[in-house]
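The values are calculated or read from the model by the stated rules, or taken from the named source; none is laboratory data. Quick caveat, the model's predicted, so the values are computed rather than measured. All Cβ positions, glycine included, derive from the backbone under ideal geometry; neighbour counts span all protein chains shown.
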Amino acid sequence: MRDVIVIGAGLSGLMSALVLAEAGYRPLVLARGYGRTHWLGGTIDVLPQADLRQGLIRVIEEQAQHPYARIGLSDMEAALKRFRSLMVAARYPYVGGLERNVWLPTALGALRPTALLPATMAAGDMRLGGELLIAGFHELRDFFPRLIAANLQAQGVDARGLYLTLPHGRRRREYTPRTFAELFEQRDFREDVGRQLGYARGMATRIGLPAVLGLEAPLQVVQDLQQLSGAQVFEIPTLPPSIPGMRLVSIFERAITAAGGRMQIGSAVVRAEHGGDRLDALYSEAAAREQRHEARGFVLATGGIAGGGIQTDYQGGVWDTALGLRLQSPAGRAEWFQSGFLQELGHPIFEAGITTNARFQPINCMGEVIFANVVVAGSALAGRDGQQQRNSSGLALCSGWYAAHGLSGMLAA
Ligand SMILES: Cc1cc2nc3c(=O)[nH]c(=O)nc-3n(C[C@H](O)[C@H](O)[C@H](O)COP(=O)(O)OP(=O)(O)OC[C@H]3O[C@@H](n4cnc5c(N)ncnc54)[C@H](O)[C@@H]3O)c2cc1C
């Protein structure tokens, strides 16, 4: 029997598994697939307010049920400190913190706030000023340097865009962000691109490139390009698949495995077995039959509606896909069809989540704990506000850390 099973391999599941592995619990991570890490830009977004600390204090004071209010500022700091030290050890350091947000350009030239960002994106901080050059490749679809520059200009940023020429001998039939990440790991490719940037940069002091600057040693790639071009270089997140997200996952996977945990991707949990208020075992889909997994404790980190952790039916039923917990419908079913998927106040269906107590144990509508040996983390949690849907990578990390510490304490007691 395993000590602990973590269901889900998004940021919340990975952070939980790391904490539990480091506490000596040998977690098994069971996940249907990778999480939204592969969609996201690799930044850690906490809340959109410019004065992040004030925004957090307000959420904590005014929304007692909000996961941030339950975690509290000092545990949020502790969770992000562990995240930062993990990234430093992997030579992929992050900068920033919970004081204030930094505004970074997106792949459409919009500006968006984030709390923590990889050092490879740091020179994209819009407060730095100076002329910007945005450069890309025709072969990398969905990254349009001139469109990004035009949209930045419309917001008062001095920017221009251009396409670079793919060095000879690098032509392939198919180009993905991953193809480019592999190319940037080759020194001669970087040298060619760096020289092109040096000729093209003119008065620009900073150069934005798509976030494909290598999988294993991106900071080295940025430093080489800076030396060759004479300007500061930064990455701009692309559309999925996200190379910064893949870097995060492989850093977490290595650390979890090194600390005694195990990852099993491709294993959807389809049902659970329980006796009274304790969960005993889970069943995951396997090739010929279901696989049974027993453990003493469980983390449910299945990502909510967009992560595949919550399912609905045409009668308005809402339930979690792993344990089968019935959830309250967040709004009348008619509102689920509201237009505007990512509008400012969020879509009502994203409010669907598992109600928990302050330790993140799932509770029923009477406030009673359903399973005493289960904790919930990340977007599977109820109680987030709609505006936060695009700012929950911070919530995923902090709640994963907090829920896992809570479970670890319960198992040790
Ligand atoms: C379109 C979109 C854009 C977003 N943009 C941003 C952004 O810019 N910044 C930001 O901070 N946040 C953003 N978010 C939110 C952010 O992606 C998530 O809140 C956060 O990353 C969720 O992490 P998680 O670990 O909770 O879940 P996920 O990353 O969704 O992971 C869920 C995991 O659970 C697994 N799983 C689900 N059900 C089962 C099951 N039954 N059995 C086994 N495994 C299962 C999945 O396979 C996956 O591994 C965005 C969300 C969306 C939908």
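Given the condition part of a helix (DSSP H, G or I), within 10 Å of the ligand (Cβ to nearest atom) and surrounded by 24 or more Cβ atoms within 10 Å (Cβ to Cβ), answer yes or no: does some residue in region 15-27 qualify? Quick ask: steps written out before the conclusion?
Initial filter on region 15-27 (part of a helix (DSSP H, G or I)): 15-22.
Filter once more, keeping what is within 10 Å of the ligand (Cβ to nearest atom): 15-16.
Narrowing further to those that are surrounded by 24 or more Cβ atoms within 10 Å (Cβ to Cβ): 15-16.
Yes: one or more hits.
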For this session: Being surrounded by fewer than 23 Cβ atoms within 10 Å (Cβ to Cβ) and among the basic types (Lys, Arg) is the filter here, so list the residues in region 213-255 that pass it.
Result: Arg254
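Identify the residue in region 2-14 that is under 13 Å from Leu300 (Cα atoms) and not in a helix (DSSP H, G or I) and, among all such residues, is farthest from the ligand (Cβ to nearest atom). Give the steps one after another, and end with the answer.
At the first step, the residues of region 2-14 found to be under 13 Å from Leu300 (Cα atoms) are 4-14.
Okay, now just the ones that are also not in a helix (DSSP H, G or I), so 4-10.
Working: Val4: 15, Ile5: 10, Val6: 9, Ile7: 5, Gly8: 3, Ala9: 4, Gly10: 2 Å.
Of everything passing the filter in region 2-14, Val4 is farthest from the ligand (Cβ to nearest atom).
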For this session: Name the one entry in Leu345, Leu381 that is crowded, with 17+ Cβ neighbours inside 10 Å and either at pLDDT 95 or above or within 16 Å of the ligand (Cβ to nearest atom) (or both).
Result: Leu381
Exercise. Looking only at region 277-332, which residues are within 16 Å of the ligand (Cβ to nearest atom), modelled with pLDDT of 85 or more and under 17 Å from Asn364 (Cα atoms)?
Worked result: Leu279, Leu300, Ile310, Val318, Trp319, Asp320, Thr321, Ala322, Leu323, Gly324, Leu325
Seminar exercise, completed: Checking Glu235, Glu216 in turn, the sole residue that is among the acidic types (Asp, Glu) and within 16 Å of the ligand (Cβ to nearest atom) turns out to be Glu235
For this session: Among the residues of region 272-325, write down those that are within 26 Å of the chain's Cα centre (by Cα), assigned to a strand (DSSP E or B) and of a type outside the set (Phe, Trp, Tyr).
Result: Leu282, Ser284, Gly297, Val299, Leu300, Ile310, Gln311, Thr312, Val318, Asp320
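Considering only region 108-115, I want to know if a residue exists there that is assigned to a loop (DSSP other than H, G, I, E, B), hydrophobic (A, V, I, L, M, F, W, C) and in contact with a Gly (Cβ under 7 Å, 6 or more places away or on another chain).
Yes: region 108-115 contains one or more residues that are assigned to a loop (DSSP other than H, G, I, E, B), hydrophobic (A, V, I, L, M, F, W, C) and in contact with a Gly (Cβ under 7 Å, 6 or more places away or on another chain).
Residues to consider are Gly156, Gly208, Gly202; find the one that is surrounded by 17 or more Cβ atoms within 10 Å (Cβ to Cβ) and of a type outside the set (S, T, N, Q).
Numbers: Gly156 fails: surrounded by 17 or more Cβ atoms within 10 Å (Cβ to Cβ); Gly202 fails: surrounded by 17 or more Cβ atoms within 10 Å (Cβ to Cβ).
The unique qualifying residue is Gly208.
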Exercise. Restricting region 40-78 to residues that are in a loop (DSSP other than H, G, I, E, B) and over 30 Å from Val212 (Cβ atoms), which is farthest from the ligand (Cβ to nearest atom)?
Worked result: Ala64
